[in-house]
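Just so you know, all these numbers are worked out from the coordinates, no wet-lab data involved. Just so we're clear, the structure is a prediction, and the values are computed from it rather than from any experiment. Neighbour counts are summed over all protein chains in view; Cβ atoms, including those assigned to glycine, are modelled from backbone coordinates with ideal geometry.
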Amino acid sequence: MDLSAIDLTTEVVRTQRLVLRPYRPDDEELVLRACQDPDIQYWNTVIPSPYTRAVAREWVCELAPRERAEGRGMPVAVEAGGELVGSSGVEFTAGVLGPAIGYWIAPWGRGHGYAAEAAHALAEWALGLGAPRVHLVADVRNGASLAVARRAGFTQEGVLRSGLAYRDGSRGDAALFSRLPTD
Ligand SMILES: CC(C)(COP(=O)(O)OP(=O)(O)OC[C@H]1O[C@@H](n2cnc3c(N)ncnc32)[C@H](O)[C@@H]1OP(=O)(O)O)[C@@H](O)C(=O)NCCC(=O)NCCS
């Protein structure tokens, strides 16, 4: 990816309904509220548990801005109608899989196809900057997320057997999806 022409610390991606923007300190309250959701806690296993106010503050004020500033990725707050409705982002993971796209949508924002719209736009963004491919993984049991990946134009390439670590120490299978510039 050629990031030389953009300032990753301020980069915003816009879609018909969404603004995918950098996190702000005032996002703390809604991020904290959203991450209490049992489904987000269950499926987004990289998110700390319990999800405290200190964790939310560190994410919006330090970790997310630093990921951008250090050029490791572009976490975005997903905003619809001026309100934070979810989280998404592109991690510039090295290796054969290409950059990784992830997402969660807050309970108050679900049912509108926002995750697919965000994932689609971020894939376009990364591919437009020269990424040869982008990928996303979803638990094979997460029907909603599998539907999001397909809706976002991703193609399932296979299953990463035992690819996911669960909070209880067990592991599960992940569906691997990708998008190419030619898709
Ligand atoms: C998965 C998630 C991101 C989808 O949010 P959303 O954008 O509001 O999705 P929608 O409710 O608009 O539904 C998207 C699609 O999933 C389908 N869907 C929704 N719930 C479903 C379910 N329980 N099982 C199967 N399909 C489901 C919808 O029918 C829709 O399909 P379509 O695009 O073919 O019409 C959101 O529910 C979420 O954050 N869940 C908890 C955390 C999570 O799963 N994160 C993803 C980890 S990989």
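Highest mobility in the GNM of the chain, judged by mean-square fluctuation with C-alpha springs under 10 Å and restricted to V12, V148, V134, is found for V12.
How far, in nm, would the chain grow between S170 and S4 when pulled straight, counting 0.36 nm per residue and subtracting the alpha carbon separation?
55.6 nm
With R₀ fixed at 35 Å, the C-beta to C-beta distance from E157 to D26 puts the FRET efficiency at about 0.35. Can you bin the range 96-150 into rounded, prolate or oblate? Criterion: square roots of the alpha carbon gyration tensor eigenvalues sorted a ≥ b ≥ c, rounded for a/c under 1.5, prolate for a/b above b/c, oblate for the rest. Verdict is oblate for the range 96-150.
So what is the relative contact order for the chain, in percent, with contacts set as C-alpha pairs under 8 Å and at least six apart?
RCO, the chain: 18 percent.
Classify the range 56-139 from the C-alpha gyration tensor, please: rounded if a/c falls under 1.5, else prolate or oblate depending on whether a/b exceeds b/c.
Numbers: a/c = 1.95, a/b = 1.25, b/c = 1.56.
The shape class here is oblate.
Spin-label model, A147 to T182: label points 7 Å out along the Cα-to-beta-carbon direction sit 3.2 nm apart. For the pair T93 and R17, the difference between a 0.36 nm per residue extended length and the Cα-Cα distance amounts to 24.6 nm.
When +1 charges are put on Lys and Arg Cβ atoms and -1 charges on Asp and Glu Cβ atoms, the dipole computed for the range 13-179 relative to its Cα centre reaches about 340 debye.
Sum up the charges of everything whose Cβ sits under 10 Å from the Cβ of A116, counting Lys and Arg as +1 and Asp and Glu as -1, but leave A116 out. Could the numbers behind the result be given before it?
Values: positive: R150, R151; negative: E117.
Value of the local net charge: +1.
Does the chain classify as rounded, prolate or oblate by the C-alpha gyration tensor (a ≥ b ≥ c root eigenvalues; a/c under 1.5 gives rounded; else a/b over b/c gives prolate, otherwise oblate)? Write down the numbers at each step before the final one.
Details: a/c = 1.38, a/b = 1.04, b/c = 1.33.
Because its axes are fairly even, with a/c under 1.5, the chain counts as rounded.
In percent, rounded to a whole number, the relative contact order of the range 74-150 is 25, using alpha-carbon pairs under 8 Å and six or more apart.
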